[in-house]
Each structure stands twice: as structure tokens, then as C-alpha cells.
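Encoded as C-alpha cells, the structure appears first; notes follow it.
The values are calculated or read from the model by the stated rules, or taken from the named source; none is laboratory data. Every value quoted in this text rests on a predicted model; they were computed, and no experiment measured them. Every residue, glycine as well, gets a Cβ built from its backbone with ideal geometry; the counts of neighbours run over all protein chains shown. Calculation scope for accessible area: heavy atoms of the full protein, side chains included, ligands and nucleic acids excluded. Shrake-Rupley method; radii C 1.70, N 1.55, O 1.52, S 1.80 Å.
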Amino acid sequence: MSQYYPWLWIAFALIFFAAEIFTVGFVLFCFGIGAAAAAAVAFLGAGPAWQLAVFGFVSILAVFLSAPLPTASATPTRSKSASTAY
């Protein structure tokens with residue numbers, strides 16, 4: 001069964017990436033990155049515990065690193081000429 005772990009992680013990553021199309025946040029994309037990292041570790045021969053640890057760590061890291069992205073692009077900016085026009 002352990003020879004199928006890398007392919008399962010790749011399948012999970014593709015599912016997360018495809019599901020991200022239908023959501024507004026970047027959370028599923030971050031889980032996809034974590035699953036891809038777990039697949040890489042599985043291809044290197046790590047056990048299931050290490051694969052889960054890498055998946056969790058990389059997913060949480062990706063969530064924290066991508067947190068400012070939606071808020072920075074969603075906040076409207078005003079130009080100085082528009083605010084002085086009144």
C-alpha cells in the first residue's frame with residue numbers, strides 16, 4: 001500500500017487545486033501545496049507519519065504566508081485627486 005501514497009497525495013493536491021476554483025479564499029490552494037509537498041516526501045520514501053507532518057506544516061505555513069494577499073488586493077485605494085474633488 002505504501003507505494004501508492006505518493007499518487008494519493010498527488011490526487012489530493014489536484015482535487016484541492018480544482019476545488020479552489022469554486023471558492024473565494026486561498027485555503028484550498030494552500031492545502032494543495034501541502035499535499036504536493038507530502039507527495040514529494042512520499043516519493044523520497046518517508047513514512048506516513050512524516051507525510052502527514054509535512055502536509056500539516058506546509059499547509060499551515062502556506063495559509064499564514066498567503067493571508068495578506070486577499071486583504072491587500074481587496075482594499076480600495078483612493079487617489080488624491082478624487083478626494084480633493086469635493
>> How much length would be gained if the chain were fully extended between SER2 and ILE60, taking 0.36 nm per residue of separation minus their Cα-Cα distance, in nm to one decimal?
In response: 18.4 nm
> Hey, quick one: spin label on LEU52, modelled 7 Å out along Cα-Cβ, who in segment 20-36 has an amide N within reach, i.e. under 20 Å?
Replying inline: 31-36
> How much accessible area per residue does segment 29-72 have, in Å², with a 1.4 Å probe?
Replying inline: 58
> Exactly which chymotrypsin sites (Phe, Trp or Tyr not before Pro) in segment 1-56 are in a DSSP loop and have at most 12 other Cβ atoms within 10 Å?
Replying inline: PHE22
